[in-house]
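Single-structure report; data block below.
Derivation of every value follows stated rules applied to the coordinates shown; laboratory data play no part. The model shown is predicted, which means the values in this text are computed figures rather than measured ones. Heads up, the Cβs are rebuilt from the backbone with ideal geometry, glycines too, and the neighbour counts pull from every protein chain shown.
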Amino acid sequence: MTIVPTLILSLLTTIVLMPLILRLAVKYELYDVPDERRVHVKPIPRIGGIAMSIGVFISLLLYGPLDTTMRAYLAGALIIVVISLYDDLKGLDFKVKFAAQIAAAIIAVAYGGVRVANLGDLLPAGMVLNEWIAVFLTIVTIVGVTNAINLADGLDGLAGGICLLCFICIGYLAYLEENANIVIAATALSGVIFGFLRFNTHPAVLFMGDTGSQLLGFSAGFLSLSLTQGQTAFSPLLPLIILGFPVLDTVMVMSERIAGGRSPFVADKNHFHHKLMRIGFFQTEAVFLIYIIQAFMVVSAYLLRYHSEWLILGLYLVFSSVIVTVFYLACNRDWKMPRSHFIDNVVKMRLKKLKESGFFIRIIFKPVEIGITLLLILLCFISTQPPVYLSISSAFAVVVFGLVWFFKREWAKRLLLLLLYLFIPFMIYLSETNNESWINQMNETVLNAYNMSFFVLGGLGLLVLRVTRRRNGFRVTPMDFLVLFVAVGIFFLPELWAGFRLSAIKTIILFFTYEIIMGESRDKIGTVALSAVVAFSIVAVRGLL
């Protein structure tokens, strides 16, 4: 299965397209304007879902096994994207959006063969649901999940992070079942979310809009049902665990609206994330807490994947009861989260002063810059001989970048990042797959040290994010938790470790470290540019000679 190329392509496509989407949004004033039910306080571009959709479609068309199920998924997703994009640009009545969601769900049922036909132990032995009941439940489930994710998109990074955890779980379970379709689709969706969260973590500079959130919701419903219905040992109730928290949030909010005599489709500020902020959590803290809850859910889904449906249903009902009870008591008793004056005003203030003085960044930045330079040049020597096409491309890159550097310096930074994004995946892939590579002939201690150097570099990069003095630079965000969750998951799941061969992790670490270095260097990119030119030249000379 082409997991690594799919992940890299979807991630790279999203990251490359996002700046273009931002410029278009600013040019045509496509903003999400704050109002009484919004949390953000200034207009934010809302069409990031365009780049996410393109990343998913391109990756699946190039790497996905396009059987009937995947063609049905792409057709349904296309309907969702087109209607949602029109809604983001012009605005649509909820009835039209609802009709589009139903149409996409019907395609999943009629063409893709997705059915909620099996409820496991909840039905008498050997019994399956009536065809019409199965169709009805499938449509309700897909449409319900689509709207649940759409409604969860209320804080910076919230919907994206929830869906990332869902797709990681779905993809891994599909990997265990050797279901290539779902593995590739979940990988592509994970890649575009990682790329999008680079721009959407607090404080967000771009929203995914309905285009992104409804695509993610439809995808989560479609893929989770495809995975757990049919010929599989997995419990058919796993989607209830994987998607249970956003679904519970939607059910509770709509129930409160109906109980209050209002339409269930009229937006308000009664979602769980709104209540957390009223209790006293900051926005990043509320998102982080929901990430933890969702991570607990997907880990539970993995652990319960072969267990009785009655057990899964019972545990989910207990979980839902606890969540609802806690929020009910907190809101009705006007409970406020106690905050520490010492931490919020003394410790944070002193750290802020040290950060603003540049004390931390002076210590950490230079090792990161030197480390990534050495790793990039080391990668150029790992394979015995680079392919001719890569060497010619590298030589061409040196010439083009040299011309831009001397005649159009303002383009150099963006061009350099683009060239590195195209160059790094090839070098990582060659270093991992070439059995003649001298790196693969090292003793185990040296090889482990080489692999660990990427993680050390990534850790130092995260420290740079924390201590940067740039007002609009990277900050500590709940995305750190997502990265840690993925890293720990891969570490403790040996079959996934072997499947990825660390290629994707190394590539992502280098991508984001270069983003950090380039951002922190501002316009002083001479050192980075020189090291990149040296690396391109080494590959060009070794391959051509």
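Given Lys95/Lys275; Lys27/Lys275; Lys90/Lys269; Lys408/Lys506; Lys95/Lys269; Lys366/Lys413, which pairs have Cα atoms separated by over 26 Å? Could the numbers behind the result be given before it?
Details: Lys95/Lys275 28 Å; Lys27/Lys275 35 Å; Lys90/Lys269 24 Å; Lys408/Lys506 32 Å; Lys95/Lys269 22 Å; Lys366/Lys413 19 Å.
Violating the 26 Å Cα-Cα cut-off are Lys95/Lys275; Lys27/Lys275; Lys408/Lys506.
For Ile58 and Leu78, calculate 0.36 nm times their separation in residues minus their Cα-Cα distance, and state this gained length in nm to one decimal. Each step should come with its number before you reach the end.
Working: separation 20, 0.36 × 20 = 7.20 nm, distance 1.23 nm.
Between Ile58 and Leu78, full extension yields 6.0 nm more.
Short version: ³J(HN,Hα) in whole Hz for each residue of segment 167-172, in order, from phi by Karplus 6.51 cos²θ - 1.76 cosθ + 1.60 (θ = phi - 60°), x for Gly and Pro, what are they?
6, 4, 5, 4, x, 5
Please compute the net charge surrounding Leu215, taking Lys and Arg as +1 and Asp and Glu as -1 over other residues with Cβ under 15 Å from its Cβ.
Combined, the nearby Lys, Arg, Asp and Glu give -2.
Based on the Cβ-Cβ distance of Phe396 and Asp268, what FRET efficiency does E = 1/(1 + (r/R0)^6) give at R0 = 41 Å, to the nearest 0.05?
Working from the Cβ atoms, E equals 0.15.
Would you mind calculating the gained length between Asn332 and Val388 on full extension (0.36 nm times residue separation, minus the Cα-Cα distance), in nm to one decimal?
13.2 nm
³J(HN,Hα) across segment 372-380 via Karplus (A = 6.51, B = -1.76, C = 1.60, θ = phi - 60°), whole Hz, x for Gly/Pro?
6, 5, 5, 5, 5, 5, 4, 4, 5
Can you give the local net charge around Ser235? Use residues other than it whose beta-carbon is closer than 15 angstrom to its beta-carbon, Lys and Arg +1, Asp and Glu -1.
Values: positive: Arg305; negative: Asp121, Glu177, Glu309.
Net charge around Ser235: -2.
Along the Cα→Cβ direction, 7 angstrom out, place labels at Asp121 and Leu544. What is the inter-label distance in nm?
6.8
Which whole-Hz couplings ³J(HN,Hα) result when phi for each residue of segment 9-17 is put into the Karplus expression 6.51 cos²θ - 1.76 cosθ + 1.60, θ = phi - 60°, listed in order with x for Gly and Pro?
Result, ordered by residue: 5, 5, 5, 5, 4, 5, 5, 5, 7 Hz.
Go through 129-135, 506-512 and give me the packing order, highest mean Cβ count within 10 Å leading. List each step's numbers first, then the result.
Values: 129-135: 13.6, 506-512: 23.6.
Order by mean packing, descending: 506-512, 129-135.
Between Thr527 and Ala233, 0.36 nm times their residue separation minus their Cα-Cα distance comes to what?
Once the chain is fully extended between Thr527 and Ala233, it gains 100.4 nm.
If you filter segment 259-328 for chymotrypsin sites (Phe, Trp or Tyr not before Pro), then keep DSSP loop positions with at most 12 other Cβ within 10 Å, what is left? Intermediate values should be presented prior to the final figure.
Details: sites: Phe265, Phe272, Phe281, Phe282, Phe288, Tyr291, Phe296, Tyr302, Tyr306, Trp310, Tyr316, Phe319, Phe327, Tyr328; in loops: Phe265, Phe281, Phe282, Tyr306.
Listed in order of number, the matching sites are Tyr306.
Would you please put 254-263, 139-148, 530-539 in order of how densely packed they are, using the mean number of other Cβ atoms within 10 angstrom per residue and starting with the highest?
Going from most to least packed, we get 139-148, 530-539, 254-263.
For a Förster distance of 51 Å, can you work out the FRET efficiency between the beta-carbons of Ser537 and Leu137, rounded to the nearest 0.05?
0.25
So if I take the centroid of the Cα atoms in segment 187-252 and the same for segment 267-293, what is the distance between those two points in Å?
With segment 187-252 and segment 267-293 each reduced to a Cα centre, they are spaced 19 Å.
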